[in-house]
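Quick notes on the structure that follows.
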Amino acid sequence: ARYSDDRSTMLWKTEVPGVDRLGATTGRPKKIAFDAEKLAVVFKVKKFNTPGKVALFSMRDGRRLWETSLPSAMPISAVQVSKKLVLVTTWGRLTAFDPKTGKQLYSYGSSRR
């Protein structure tokens, strides 16, 4: 959810998993990042040894811009957003996504668990 600056009004709220909501872990997302335009949320799925997902939302209205799977099932360390990239780090891997399309631009590191 996003609230007004004085926290008096909820501006929007949304469900984080867009697909297979029952397959996602429950609770508050632990890895988020945002700038003035975008909010990135990384979340895990319940199925063992399955890659987590990253979803990108518009800060203005909460609209889901895209959602995609990470390249490995390694534990998620952090997420960062910028105008040119959405970066997700897992143990031993850095993956960059295009903020406009969600397309994976590159992934560097190990996928072994």
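Quick notes
- Close pairs (8 angstrom Cβ cut-off, 6 or more residues apart or separate chains): among the hydroxyl-bearing types (Ser, Thr, Tyr) in region 4-16, open to solvent by 70 Å² or more (accessible area, probe 1.4 Å) and at pLDDT below 80 anywhere: Thr9/Tyr3; Thr14/Ala1
- Complete set of residues in region 1-45 that are farther than 10 Å from Met59 by Cα, open to solvent by less than 100 Å² (accessible area, probe 1.4 Å), at pLDDT 80 or above and not basic (Lys, Arg): Ser4, Ser8, Thr9, Met10, Ile32, Ala33, Val41, Val42, Phe43
- Residue count for region 69-92, restricted to those that are open to solvent by less than 30 Å² (accessible area, probe 1.4 Å), modelled with pLDDT under 95 and touching a Phe, Trp or Tyr at 6+ places or on another chain (Cβ under 8 Å): 1.
- Residue match in region 56-68 (condition: open to solvent by 40 Å² or more (accessible area, probe 1.4 Å) and among the aromatic types (Phe, Trp, Tyr)): no
- For region 66-113, a residue qualifies if it is closer than 18 Å to Phe34 by Cβ and part of a loop (DSSP other than H, G, I, E, B), and the qualifying residues are Ser82, Lys83, Lys84, Leu85, Asp98, Pro99, Lys100, Gly102.
The values are calculated or read from the model by the stated rules, or taken from the named source; none is laboratory data. Predicted model, so just to flag it, every value in this text is computed and none were measured. All Cβ positions, glycine included, derive from the backbone under ideal geometry; neighbour counts span all protein chains shown. The area values use the complete protein model at the heavy-atom level, side chains included, leaving out ligands, DNA and RNA. Shrake-Rupley method; radii C 1.70, N 1.55, O 1.52, S 1.80 Å.
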